[in-house]
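This report refers to the structure that appears directly beneath it.
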Amino acid sequence: MPTRADITYFGAGPALLPTEVLETAAKALVDYNGTGLGIAEHSHRSELAATIINEAKADLASYLDIPAADYEVLFMQGGGTGEFSASVYNMVGAWVARQHAAILKDLGPDAAEDQVLAALRAKVESSLKLDYIVTGGWSLKAYQEATRLLGPEYVNLVADARADNGGKFGTIPDQSTWRLSKDAAMVYYCDNETVDGVEFPEFPKVLAPNADGTGPIVVADMSSNILSRRVPVANYSLLFFGAQKNLGCTGVTVAAIRKSFLQPAITQPSPALMRKLGLPIPPIVFQYEIIAKNNSLYNTLSIFDVYIAGQVLKKLLKTYPNKVDGQQAVSEKKANLIYSALESHPDAYKIVPHKSVRSRMNICFRVTKNGTVDESEKAFLKEATALGLTGLKGHRSVGGIRASNYNSIPLEGAEKLAKFIDSFAKA
């Protein structure tokens with residue numbers, strides 16, 4: 001049987017974790033810091049738990065240069081899929097709160113409640129829009145969830161990458177074609193599409209804030225490329241990401257939200273008001289202001305999962321004095337090695353996404369050697385597994401091969417895969 005040292009695991013998630021982190025966590029699971037109890041047994045209300053949460057928040061902010069004065073980091077549950085819903089609930093609520101305040105100011109303090117409600121309802125019906133840029137399977141799911149929660153009349157499809165690509169994902173539509181709403185409650189996109197191997201090469205220019213700081217309310221799912229490159233945090237109102245790719249293990253989700261969307265700057269509308277407007281009310285565990293107020297401990301959070309994330313962050317900060325910039329250089333080097341190996345053999349491999357949007361994290365390709373894709377891919381996977389290169393099978397919805405080049409993949413692992421890609425093509 002192979003040992004851990006024999007395996008380079010390219011699975012898309014849950015992903016490989018650094019062995020050093022797992023060894024530290026294994027000890028903590030039995031006896032945390034000499035307390036006689038494992039970390040998973042300590043109360044989430046304890047001082048110990050609060051310290052783990054606060055250190056993880058501070059290390060994340062340090063690594064990504066998140067301005068603590070402007071953003072709150074939340075540890076939540078429900079994964080990225082849960083955040084598809086949470087982002088809708090909270091950003092719609094914030095939009096309603098802003099419109100409500102503007103109407104009260106316009107009508108004056110003596111306006112009748114029915115008059116205010118009628119004006120607000122009219123505003124919702126005429127102006128409420130959530131914008132979605134669909135470039136792959138996950139952004140499609142986010143768009144579908146928003147439509148399910150609100151109804152299609154309130155959800156605007158800004159762009160659909162399949163429209164100009166033969167019904168398949170693999171490109172990002174030119175920004176000049178995007179149909180953005182005026183003053184949308186939010187503009188959502190998925191920074192890296194895990195299934196389809198599509199990554200935004202940079203922050204979309206059409207979403208950039210104005211010189212005075214105003215501009216689109218941008219929400220991004222960064223579940224599969226967070227911590228791998230520098231992020232212009234100030235351009236976003238909300239970032240969210242599941243931990244199980246680059247940050248930790250399944251069970252905790254992170255949301256970094258601008259404080260202007262939280263109390264005391266803004267308060268979510270009452271359930272009674274949202275009901276009168278025919279808009280959805282969030283489950284309380286998905287309400288950002290509640291989670292923020294309780295330092296992510298409104299309900300029982302898995303402190304062990306936060307601890308794992310914290311240990312990953314400490315390792316990254318120790319490894320890279322220049323923080324995320326150091327990891328970005330390594331991520332790009334690894335991706336270039338693998339893509340170069342594939343490009344060297346155009347008769348044996350076909351890279352799926354367009355070159356301009358190829359993901360550094362999820363490298364998706366087909367094995368076309370000898371013109372027999374199915375047989376060639378089965379042989380590729382079998383031989384790769386025999387060499388300890390595992391987790392390479394593509395997502396069930398699209399097939400093919402997918403090498404997930406997350407932060408925990410060492411440079412040597414990428415070199416080994418590139419060498420195998422070359423040798424398989426030549427054999």
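What pairs can you find where one residue is in region 41-55 and under 19 Å from V73 (Cα atoms), the other is surrounded by fewer than 15 Cβ atoms within 10 Å (Cβ to Cβ), and their Cβ atoms are less than 7 Å apart, with a gap of 6+ or different chains?
Correct list of pairs: H44/T300; A49/S43.
Among the residues of region 304-326, is any charged (D, E, K, R), at pLDDT 95 or above and in contact with a Lys or Arg (Cβ under 7 Å, 6 or more places away or on another chain)?
Yes, region 304-326 contains a residue that is charged (D, E, K, R), at pLDDT 95 or above and in contact with a Lys or Arg (Cβ under 7 Å, 6 or more places away or on another chain).
Could you list, in sequence order, the residues of region 127-139 that are farther than 21 Å from D183 by Cα and either more than 14 Å from the chain's Cα centre (by Cα) or β-branched (V, I, T) (or both)?
Selection gives T135 alone.
Quick check on L239: is it in contact with a His (Cβ under 9 Å, 6 or more places away or on another chain) and not charged (D, E, K, R)?
No; evaluated as a whole, the condition is false for this residue.
In region 266-277, what residues are touching a residue at least 12 places away in the same chain (Cβ under 8 Å) and either assigned to a loop (DSSP other than H, G, I, E, B) or of a type in the set (A, V, I, L, M, F, W, C) (or both)?
I266, T267, Q268, P269, L273, M274, L277
State all residues of region 192-204 that are surrounded by fewer than 24 Cβ atoms within 10 Å (Cβ to Cβ) and either of a type in the set (A, V, I, L, M, F, W, C) or touching a Leu at 6+ places or on another chain (Cβ under 9 Å) (or both); if no residue qualifies, say none.
Residues satisfying the conditions are V195, F200, F203.
Go through region 206-229 and report how many residues are more than 21 Å from K129 (Cβ to Cβ) and open to solvent by 10 Å² or more (accessible area, probe 1.4 Å).
Selection size over region 206-229: 5.
Do we have D131 as buried (at least 23 other Cβ atoms within 10 Å of the Cβ) and acidic (D, E) here?
yes
Can you pull out the residues in region 247-265 that are closer than 20 Å to V92 by Cα, open to solvent by 20 Å² or more (accessible area, probe 1.4 Å) and assigned to a loop (DSSP other than H, G, I, E, B)?
Q263, P264, A265
Hey, could you check region 397-413 for residues that are under 20 Å from the mean Cα position of the chain (by Cα) and not polar (S, T, N, Q) and say which is nearest to N246 (Cα to Cα)?
The selected residue is Y406.
Given the criterion under 23 Å from V195 (Cα atoms) and either β-branched (V, I, T) or without any contact (Cβ under 8 Å) to a residue 60 or more places away in the chain (or both), identify the matching residue among S376, S340, S331.
S376
For region 215-230, what are the residues that are out of contact with any strand residue (DSSP E or B) (no Cβ under 7 Å at 6 or more places or on another chain) and of a type outside the set (S, T, Y)?
Scanning region 215-230 gives G215, L227, R229, R230.
Determine, yes or no, whether K334 is at pLDDT 95 or above, surrounded by fewer than 21 Cβ atoms within 10 Å (Cβ to Cβ), within 16 Å of G11 (Cα to Cα) and of a type in the set (D, E, K, R).
The answer is no for K334.
The values are calculated or read from the model by the stated rules, or taken from the named source; none is laboratory data. Just so we're clear, the structure is a prediction, and the values are computed from it rather than from any experiment. Virtual Cβ from ideal backbone geometry, glycine too; neighbours counted across all protein chains shown. Note: areas computed on protein heavy atoms with side chains; ligands, DNA, RNA excluded. Shrake-Rupley method; radii C 1.70, N 1.55, O 1.52, S 1.80 Å.
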